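Worksheet: the structure to be examined is printed underneath.
The values are calculated or read from the model by the stated rules, or taken from the named source; none is laboratory data. This one's a predicted model, so the numbers in the text were calculated from it and none came from an experiment. Note that we place each Cβ from the backbone using ideal geometry, even for glycine, and neighbour counts take in every protein chain shown. To get the accessible areas, we keep the full protein, side chains included, count just its heavy atoms, and leave off ligands, DNA and RNA. Shrake-Rupley method; radii C 1.70, N 1.55, O 1.52, S 1.80 Å.
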Number of protein chains: 2
Amino acid sequence: MKGFVHPGREDLRIDSVLEALANPIRLRIVKRLAGGEELTCSTTLPDVSPSTASHHWRVLREGGVLWARREGRIILHTLRREDLDARFPGLLDSVLAALDDSGSLTPALP
Amino acid sequence: MKGFVHPGREDLRIDSVLEALANPIRLRIVKRLAGGEELTCSTTLPDVSPSTASHHWRVLREGGVLWARREGRIILHTLRREDLDARFPGLLDSVLAALDDSGSLTPALP
DNA sequence: TGGTTGGTTCACGTATAGTCGAACCATGAA
DNA sequence: TTCATGGTTCGACTATACGTGAACCAACCA
């Protein structure tokens, strides 16, 4: 567990990205990240167990949706906006716009 | 089995649509439909069984991605482009553009 | 009427996603 | 060194997705 595996920009695949996005919990994460915050694992999903949270972060990371980097004891995540926009122009924006419209995927969270 | 159940435009949900799109077989279907063709079930997926094909058509239909209408003995499918563009502007275009770039999801088909 | 064609539905098996607790690892602090 | 914190990994379980063949249905045709 020394550092994270991220697909390169050119390795991003549309079906992997769609797969990563096709989950309400992961969409919540993406929505939060889109605000520009750097999120940690535990503070973002207090309603699921640490192992479940870790699973979802991994799917997003390996799908190429976000970067993970260790900062001391915590792990900070940021959206790979440039890479996603470069490879799939408009995709992220359209999904984020849809998330703004429907409040269904944005329960009250700290 | 008298006619098909389609979600209304306002009932389209981003996670259902992403879920429907997050599958290579269904992406192949969407790509074909985007060409403007009206596709039947069997001619589009000759490499999977009729029941499997029917399953994928159903996921796309119930996710709101396409219209199905009976025309005599066959069922014709068309992309719900207007509805998708209205509810999730840019989503379909970005996915289709990605499908054009990578030939990986477009095996030789009749 | 009976047969054929195009699809669906059902029942089933298999594979994978999602979830969790327990154990473990990495980091920083005492 | 020892401890606490933040995450991951592992093993197990459950739920759902995927895939199939068999049976069925709906429309057309002879």
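Brief remarks follow.
So that you can scan it fast, the table gives a plain yes or no per residue for (1) within 14 Å of chain A (Cβ to nearest Cβ); (2) open to solvent by less than 50 Å² (accessible area, probe 1.4 Å):
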| residue | (1), (2) |
| --- | --- |
| B:Ile29 | yes, yes |
| B:Asp47 | no, no |
| B:Leu79 | no, yes |
| B:Ala86 | yes, no |
| B:Asp101 | yes, no |
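- Residues of segment A:48-77 that are within 8 Å of DNA strand D (Cβ to nearest atom), touching a residue at least 24 places away in the same chain (Cβ under 8 Å) and not in a helix (DSSP H, G or I): A:Ala68, A:Ile74, A:Ile75, A:Leu76.
- Residue within segment B:23-37 that is more than 20 Å from A:Val17 (Cβ to Cβ) and either outside any loop (DSSP other than H, G, I, E, B) or in contact with a helix residue (DSSP H, G or I) (Cβ under 7 Å, 6 or more places away or on another chain) (or both) present: yes
- Pairs where the first residue, in segment A:5-20, is open to solvent by 30 Å² or more (accessible area, probe 1.4 Å) and the second is acidic (Asp, Glu) and at pLDDT 95 or above, C-beta under 6 Å, 6+ apart: A:Arg9/A:Asp83
- If you go through segment B:49-69 and keep only what is near DNA strand C (Cβ under 8 Å from one of its atoms), charged (D, E, K, R) and open to solvent by 40 Å² or more (accessible area, probe 1.4 Å), you end up with just B:Arg58.
- For segment A:76-90, the condition of being modelled with pLDDT of 95 or more, of a type in the set (Val, Ile, Thr) and within 11 Å of DNA strand C (Cβ to nearest atom) holds for none of the residues.
- For A:Glu37, the requirement of being at pLDDT below 95 and of a type outside the set (Gly, Ala, Ser) is met.
- Filtering segment B:32-45 to residues that are surrounded by 14 or more Cβ atoms within 10 Å (Cβ to Cβ) and of a type in the set (S, T, N, Q) leaves B:Thr40, B:Thr44.
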